[in-house]
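Data first, discussion second: the structure below is written as structure tokens.
The values are calculated or read from the model by the stated rules, or taken from the named source; none is laboratory data. What you see is a predicted model; the values in this text were computed from it and never measured. Backbone-built Cβ (ideal geometry, glycine too); neighbour counts: all protein chains shown. Areas reflect the complete protein model, heavy atoms only, side chains present, ligands, DNA and RNA absent. Shrake-Rupley method; radii C 1.70, N 1.55, O 1.52, S 1.80 Å.
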Amino acid sequence: MKKWVKTVLIALGSLLLLAIIAGLGGWLYLRSNFLYFEKDYPEPTGLSTLDIAGYTFVDRNSNGQLDPYEDGRLPLDKRAADLLARMTLEEKIHLLKGSGMASGLGMTEPGEGIPGAVGTIVPTPRLGLPTLYLSDGPAGLRIQPNREGEDRTYYCTAFPIATMLASTWNTDLVHGLGQAMGNEALEYGIDVILGPGANIHRHPFCGRNFEYYSEDPVLTGKIGAAMVNGIESNGVGTSVKHFVANNQETDRHLNNAIVSERALREIYLKGFEIIVKEAQPWTIMSSYNRVNGTYASESPYLLTDVLRRDWGFGGIVMSDWFGGQDAVAQIKAGNDLLEPGTNKQWKALQQGYEAGTLPEAAIDTAARRILKLILKSRKMAGYAYQNNPDLTAHARVARQAAAEGMVLLKNEGALPLQKGQEIALLGVTSYDFIAGGTGSGDVNEAYTVALETGLEAAGFSINPAARQWFEAHKAAHASEFVKPEGMQAMTQPYDPPEMAYTDAQLEQAASEADVGMFTIGRNSGEGGDRVEQGDFLLSEPEQSLLNRACNIFQSAGKPLIVVLNIGGVMETASWKNRPDAILLAWQGGQEGGHAAADVLSGRVNPCGKLPMTFPLQVSDHASHANFPLQGGAINFLKLLMGEEVKPEEEQVRNRDFTRYEEGIYVGYRHFDKAGLSVSYPFGYGLSYTRFEYSNLDIEAATDTIHLKLRVQNTGTQAGREVVQIYAAKPDATVDRPLQELKAFAKTPQLAPGAAAVLSFPIPVADLRYWSEQQQKWILEPGTYRFKVGASSRDIRLEKTVEL
């Protein structure tokens with residue numbers, strides 16, 4: 001061998017060895033600092049009980065007597081104060097961070113922890129305090145369904161996505177769904193569900209919009225409060241997220257949201273404020289991003305001044321996973337719990353105390369709040385979970401919610417379908433229905449009902465040729481029909497190729513079937529934002545198939561129906577005139593196919609309404625000039641390791657920083673003010689029947705405006721109607737939206753000819769605007785116009801009030 005060849009090989013071998021060593025060193029660094037799982041603080045076991053005055057108490061510190069913190073009859077504050085006084089400084093600091101990500105990544109030993117639970121509140125064994133487990137859960141719990149050495153499964157119910165729940169406009173239904181979700185948490189040993197999400201749909205491209213409710217803060221707050229109250233009725237906590245202005249996934253871990261105080265207060269904070277005041281959630285989760293230059297998890301203004309002093313929040317604030325850069329600053333700001341907890345943070349807190357930068361008073365404040373949560377938990381009351389929730393009953397809840405959240409966008413006599421009809425299902429998604437989005441908002445469910453399955457169960461037949469074409473297509477692309485799970489789904493979206501049909505195939509289907517049905521699917525999720533081409537817009541193959549299918553089926557005298565199995569807004573204006581009906585089926589969880597069939601068949605009369613605007617084009621949004629439009633995936637290594645904020649001159653617009661130049665003009669507020677036409681307005685949705693509004697009465701008291709009106713079903717089918725109340729200030733002396741949603745209600749099921757009287761108490765305080773000059777809420781005197789609408793652009797009744 002020539003000498004130079006030998007030298008090159010030795011050099012390459014050395015480089016390879018160095019790379020292996022560096023990779024191993026990097027992994028060990030990550031393992032010890034970020035992905036570790038503590039062994040020094042074991043779960044307390046063998047606790048004895050005390051029988052006193054007919055009550056049984058757990059002797060948690062094994063001292064043979066009943067201490068105040070062990071006595072559930074005492075006020076929570078007194079118990080927490082007693083417990084705090086017994087803790088060492090090390091125990092208090094230890095309580096401020098979780099025990100690592102091992103459980104969430106499946107790196108635990110069999111029988112250890114709850115596999116798939118992404119975080120913990122650590123135990124304090126000396127005082128008998130148990131580990132509390134935190135689980136992802138905006139659309140249902142996300143824990144591992146299979147465990148090593150066990151034959152049974154631990155599946156959870158995949159409920160409809162948050163956007164779909166908002167489309168129900170039904171707080172009672174959402175409360176009931178929250179009760180079911182909270183029961184699953186309780187029975188699987190989960191103490192806090194990491195949800196709901198209360199961020200605003202600022203722009204349609206946000207990858208996690210499906211986890212959030214609406215472009216409107218009132219709808220967001222009311223639905224969110226119902227969910228929190230439902231979940232927490234089980235003695236299980238929630239973590240309302242992501243506080244605040246986390247409205248894009250692109251560079252979310254360092255993006256600086258530059259937003260006016262007025263926009264913060266009226267739009268981005270308002271939904272959280274309603275949830276806090278109407279539900280008092282156990283926890284709030286701070287967001288990754290910066291707000292006006294300061295990380296949200298390190299902002300005393302947001303976490304202490306606004307959240308606690310202004311709103312009276314009494315729970316804890318936890319960080320998003322690996323969020324923030326400075327553990328000491330987070331605790332001092334009011335971010336009590338650092339999740340999932342790292343060795344690096346633990347050391348930083350200890351060093352901060354020793355250096356005097358982290359006062360013991362700040363440690364005590366955070367620890368006291370966490371102790372109150374622990375004391376409220378069912379585990380402290382001795383609840384023994386059984387791992388057997390009623391998944392069958394919860395599936396029925398999911399199906400009902402999904403059916404009620406579907407929105408009928410168009411219907412020219414094609415729906416409801418006639419029982420027994422044969423349907424030619426077109427498109428991959430008809431046979432491969434999408435239950436929900438990806439990332440931490442995903443659920444490990446036992447099954448997902450496809451549209452095909454739902455229609456067959458409802459008494460319809462599926463055209464055999466169309467089904468055979470799908471099966472052949474799936475077999476030819478088998479590897480692309482393998483769904484990635486968990487973290488993999490965040491970087492490798494599931495996107496099987498759409499089918500291509502010849503005209504001859506479409507003609508055959510049209511000749512054999514009674515109805516054509518084309519399902520269009522879209523998915524998105526945590527870690528990346530959406531894009532315009534092939535996502536917001538139909539792809540070229542989809543456009544071709546839609547146009548040809550409409551032409552061929554309609555020429556044969558057969559209707560062509562479009563079903564939208566999507567998680568966010570799409571462009572519809574360019575093609576909505578072609579099909580005979582359009583059903584926005586959203587992503588209905590595991591029962592989505594059954595729910596869609598319920599609506600298509602008429603078993604359920606559609607009563608959902610849009611919680612956001614469908615624009616003519618995405619650039620019509622005022623936020624479009626200040627939003628990342630390239631999509632892309634999150635860099636998890638940078639998130640774990642921390643990334644320094646770049647010098648100002650090196651920062652990239654809409655990545656390192658985003659200017660919210662549109663201010664308060666988000667969604668319909670902008671479209672109304674700018675006088676722009678839309679494809680479908682906020683609050684829009686059709687029914688198989690008709691409703692008439694009448695007898696509007698308004699009374700203005702000192703603190704409350706009382707509205708009352710009559711709604712009658714004037715059609716031929718039983719149904720429900722969502723009534724929306726908007727307020728306008730025609731003589732405003734400051735810049736204000738033309739109208740803003742202030743209240744809403746859903747009628748009970750009304751038989752043909754039946755009527756209901758709805759009442760709406762609207763606090764006068766809700767008519768105020770935020771004055772940046774005076775730094776407070778201001779009520780303008782004068783005339784207020786109250787509008788009663790079936791949507792934001794279908795106003796049925798109006799009356800004015802002088803204040």
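Structure notes:
- Cross-chain or 6+ apart pairs with Cβ under 8 Å, segment 576-589 first and among the β-branched types (Val, Ile, Thr), then surrounded by fewer than 24 Cβ atoms within 10 Å (Cβ to Cβ) and assigned to a loop (DSSP other than H, G, I, E, B): Ile582/Thr572; Ile582/Lys576
- When the residues of segment 304-362 are filtered to those that are of a type outside the set (D, E, K, R), closer than 11 Å to Ile93 by Cβ and surrounded by fewer than 17 Cβ atoms within 10 Å (Cβ to Cβ), the one that is nearest to the chain's Cα centre (by Cα) is Gln350.
- If only residues of segment 341-362 that are part of a helix (DSSP H, G or I) and touching a residue at least 60 places away in the same chain (Cβ under 8 Å) are counted, the one that is nearest to Leu76 (Cα to Cα) is Glu360.
- Filter pass, Ile193 being buried (at least 24 other Cβ atoms within 10 Å of the Cβ), in a strand (DSSP E or B) and either of a type outside the set (S, T, N, Q) or at pLDDT 95 or above (or both): yes
- Subset of segment 676-726 that is part of a strand (DSSP E or B) and hydroxyl-bearing (Ser, Thr, Tyr) - its residue that is farthest from Arg793 (Cα to Cα): Thr704
- Annotation: of all residues in segment 750-793 being within 29 Å of the chain's Cα centre (by Cα) and in a loop (DSSP other than H, G, I, E, B), the one that is surrounded by the fewest Cβ atoms within 10 Å (Cβ to Cβ) is Arg768.
- One residue from Pro115, Pro68 being open to solvent by 10 Å² or more (accessible area, probe 1.4 Å), out of contact with any Leu (no Cβ under 9 Å at 6 or more places or on another chain) and either at pLDDT 90 or above or of a type outside the set (Gly, Ala, Ser) (or both): Pro115
- Test: residue in segment 623-630 that is of a type outside the set (Lys, Arg), part of a loop (DSSP other than H, G, I, E, B) and in contact with a His (Cβ under 6 Å, 6 or more places away or on another chain): yes
- Test for His175: is it under 21 Å from Thr438 (Cβ atoms) and touching a residue at least 24 places away in the same chain (Cβ under 8 Å): no
- Count of segment 512-557 residues which are open to solvent by less than 10 Å² (accessible area, probe 1.4 Å), of a type in the set (Gly, Ala, Ser) and under 18 Å from Phe627 (Cβ atoms): 2
- Test for Lys92: is it more than 26 Å from the chain's Cα centre (by Cα), open to solvent by less than 50 Å² (accessible area, probe 1.4 Å) and touching a residue at least 24 places away in the same chain (Cβ under 8 Å): yes
Listed here are the residues, each with its yes/no results for (1) in contact with a strand residue (DSSP E or B) (Cβ under 8 Å, 6 or more places away or on another chain); (2) among the hydrophobic types (A, V, I, L, M, F, W, C); (3) more than 30 Å from Gly189 (Cα to Cα).
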position	(1), (2), (3)
Thr238	yes, no, no
Lys241	yes, no, no
Thr250	yes, no, yes
Val259	yes, yes, yes
Met285	yes, yes, no
Asn292	yes, no, yes
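- Residues (open to solvent by 70 Å² or more (accessible area, probe 1.4 Å) and under 30 Å from Tyr69 (Cβ atoms)) located in segment 385-408: Tyr385, Gln386
- Within segment 155-190, the set of residues being part of a loop (DSSP other than H, G, I, E, B) and either open to solvent by less than 10 Å² (accessible area, probe 1.4 Å) or among the aliphatic types (A, V, I, L, M) (or both) comprises Cys156, Thr157, Ala158, Phe159, Pro160, Ile161, Trp169, Tyr188, Gly189, Ile190.
- Count of segment 459-476 residues which are open to solvent by 30 Å² or more (accessible area, probe 1.4 Å) and part of a loop (DSSP other than H, G, I, E, B): 1
- Contacts under 8 angstrom Cβ, first residue in segment 447-476 being on the phi > 0 side of the Ramachandran plot, partner in a helix (DSSP H, G or I), 6 or more apart: Gly459/Ser601
- Test result for Ser479, under 30 Å from Ala226 (Cβ atoms), of a type outside the set (A, V, I, L, M), modelled with pLDDT under 95 and in a helix (DSSP H, G or I): no
- Criterion violated by Lys419 - all others in (1) assigned to a loop (DSSP other than H, G, I, E, B); (2) touching a helix residue (DSSP H, G or I) at 6+ places or on another chain (Cβ under 6 Å); (3) farther than 27 Å from Gly683 by Cα satisfied: (2)
To keep it simple, each residue is scored yes or no on (1) on the phi < 0 side of the Ramachandran plot; (2) among the β-branched types (Val, Ile, Thr); (3) open to solvent by 10 Å² or more (accessible area, probe 1.4 Å).
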| residue | (1), (2), (3) |
| --- | --- |
| Gly589 | no, no, no |
| Ala595 | yes, no, no |
| Val604 | yes, yes, yes |
| Gln617 | yes, no, yes |
| Ala622 | yes, no, yes |
| Pro647 | yes, no, yes |
| Glu661 | yes, no, yes |
| Tyr665 | yes, no, yes |
| Tyr668 | yes, no, no |
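- Scanning segment 363-384 for residues that are of a type in the set (Gly, Ala, Ser), open to solvent by less than 40 Å² (accessible area, probe 1.4 Å) and either out of contact with any helix residue (DSSP H, G or I) (no Cβ under 6 Å at 6 or more places or on another chain) or part of a loop (DSSP other than H, G, I, E, B) (or both) turns up just one, Ser377.
- Count of segment 641-665 residues which are in a loop (DSSP other than H, G, I, E, B) and closer than 30 Å to Phe682 by Cβ: 8
Each row is one residue, and each column tells you yes or no for (1) of a type in the set (Gly, Ala, Ser); (2) over 30 Å from Thr238 (Cβ atoms).
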{"residue": "Ala361", "(1), (2)": "yes, no"}
{"residue": "Ile374", "(1), (2)": "no, no"}
{"residue": "Lys379", "(1), (2)": "no, no"}
{"residue": "Tyr383", "(1), (2)": "no, no"}
{"residue": "Arg399", "(1), (2)": "no, no"}
{"residue": "Glu404", "(1), (2)": "no, no"}
{"residue": "Leu409", "(1), (2)": "no, yes"}
{"residue": "Ala424", "(1), (2)": "yes, yes"}
